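*Asks:* Mind looking over this structure? Questions follow.
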Amino acid sequence: MNEGLSILAIIVGIAHSGIRLATPYLYAAIGETFAQRSGVLNLGVEGIMLMGAFSGFYVAFVTGNLLLGVLAAALVGALMGLVMAFISVTLNAEQGISGIGLYLFGLGTSSLLFKTLLGTVEGVDGFSELKFCLASIGINSGVCLSEIPILGEIFLSHSLMVYGAFALVPLAWWVLNKTTWGLSIRAVGQNPQAADSLGVSVARVRYMTVTFGGAMAGIAGASLSISLLGIFQEGMTNGQGFIAVALVYFGSWTPVGVLLGALLFSLVNALQLWVQVLGLNIPSDVAVMLPYLLTILALAFPFKRALQPAALTKPFERGEN
């Protein structure tokens, strides 16, 4: 019985950790979904996340206000997204190389700012878990929904940043599929010449989506530094930005697909963390490798490529056939 309870506790722990760890993936990948649906591939997501992680942490550390930290991260991310849009849309530069350049800029600048402004690893009290206690809605009871066995522990004991990431999924689906702007995004990504002939500004749509994607990547970085970990350290994203880009492909450029992929990746990541915590007879390097191996496998399936926007990575110039 005790062994059964310990196994159940491990399963609950993995599920709870998996939901938490999906947070940065969701913010970054949903934002990147908008950019790619309009035809722009931003490989600089990792660098934007690093800059968002630092700026969000530093503002929260100095002011003591976590929401200001999130806002700072979003603004820095949006600015970097705007730079990517200018390079890719206005200058028509090769998007893959531009994205790698943006990543290296974010990597180096975040490291420089960390050494200059902080110098050592500091901590902040990040977003606390929401307990959903009945007393908070006027019911005189000491019962908290987060204390419900299994379900409460898995789903009802997370921070505001976590719930915000999951709420973004249906909102993104609605915008892409049920609004005029979403129709414009899909048209520009599929056939920019036809969209342009109907009066849709291809450049404006791409600028907006890439800038929005940058803002979401900045928030993704902040979710790491001031929500999940409560610290900033150099290179802390550890490839999660690139995984977020891969998740857009894995999820077939749909918010729901991205959600499923993010949960799969984060659960694998949670599993490897628990493997190390439990001291199982598996080399730690093999366990750490699992999420990245899954990324490679996800990108290996050719049928995904048939679902991608037809104009993805292709610059648009008016008058071209």
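*Asks:* Only one residue in 76, 40, 70 is surrounded by 24 or more Cβ atoms within 10 Å (Cβ to Cβ) and not in a helix (DSSP H, G or I), so which one is that?
*Replies:* Answer to the selection: 40.
*Asks:* Identify the single condition in (1) within 24 Å of residue 235 (Cα to Cα); (2) touching a helix residue (DSSP H, G or I) at 6+ places or on another chain (Cβ under 6 Å) that residue 104 does not satisfy, given that it satisfies every other one.
*Replies:* Condition (2) is where residue 104 drops out.
*Asks:* Here is a follow-up. Residue 92: over 26 Å from residue 115 (Cα atoms) and within 15 Å of the chain's Cα centre (by Cα), yes or no?
*Replies:* Considered against the rule, which asks whether it is over 26 Å from residue 115 (Cα atoms) and within 15 Å of the chain's Cα centre (by Cα), residue 92 comes out as no.
*Asks:* Taking region 220-235 as the search range and keeping residues that are farther than 15 Å from residue 158 by Cβ and surrounded by 20 or more Cβ atoms within 10 Å (Cβ to Cβ), which one is farthest from the chain's Cα centre (by Cα)?
*Replies:* 232
*Asks:* Now for a separate question. When only residues in region 281-294 that are within 25 Å of residue 154 (Cβ to Cβ) and assigned to a helix (DSSP H, G or I) count, which is modelled with the lowest pLDDT?
*Replies:* That would be 287.
*Asks:* Got a sec? Which of 17, 6 is out of contact with any helix residue (DSSP H, G or I) (no Cβ under 8 Å at 6 or more places or on another chain), part of a helix (DSSP H, G or I), under 26 Å from residue 154 (Cβ atoms) and of a type in the set (Gly, Ala, Ser)?
*Replies:* Residue meeting the stated conditions: 6.
*Asks:* Which ones in region 188-205 are buried (at least 18 other Cβ atoms within 10 Å of the Cβ) and under 24 Å from the mean Cα position of the chain (by Cα)?
*Replies:* Of everything in region 188-205, those that are buried (at least 18 other Cβ atoms within 10 Å of the Cβ) and under 24 Å from the mean Cα position of the chain (by Cα) turn out to be 188, 189, 205.
*Asks:* Let me ask something additional. Can you name every one of the helices (runs of 4 or more DSSP H) wholly within region 183-280 that holds 1 or more residues which are basic (Lys, Arg), within 26 Å of residue 85 (Cβ to Cβ) and touching a Gly at 6+ places or on another chain (Cβ under 7 Å)?
*Replies:* Passing ranges, in order: 202-223.
*Asks:* Let me ask something additional. If we keep just the residues of region 237-262 that are more than 12 Å from the chain's Cα centre (by Cα) and on the phi > 0 side of the Ramachandran plot, which is surrounded by the most Cβ atoms within 10 Å (Cβ to Cβ)?
*Replies:* Top of the filtered list is 253.
*Asks:* Report every pair of residues separated by at least 6 positions or lying on different chains whose Cβ atoms are under 6 Å apart, first residue within region 192-212 and touching a residue at least 24 places away in the same chain (Cβ under 8 Å), second of a type in the set (Phe, Trp, Tyr).
*Replies:* Note: pairs meeting the criteria are 192/316; 202/316; 209/34; 212/34.
The values are calculated or read from the model by the stated rules, or taken from the named source; none is laboratory data. Just so we're clear, the structure is a prediction, and the values are computed from it rather than from any experiment. Backbone-built Cβ (ideal geometry, glycine too); neighbour counts: all protein chains shown.
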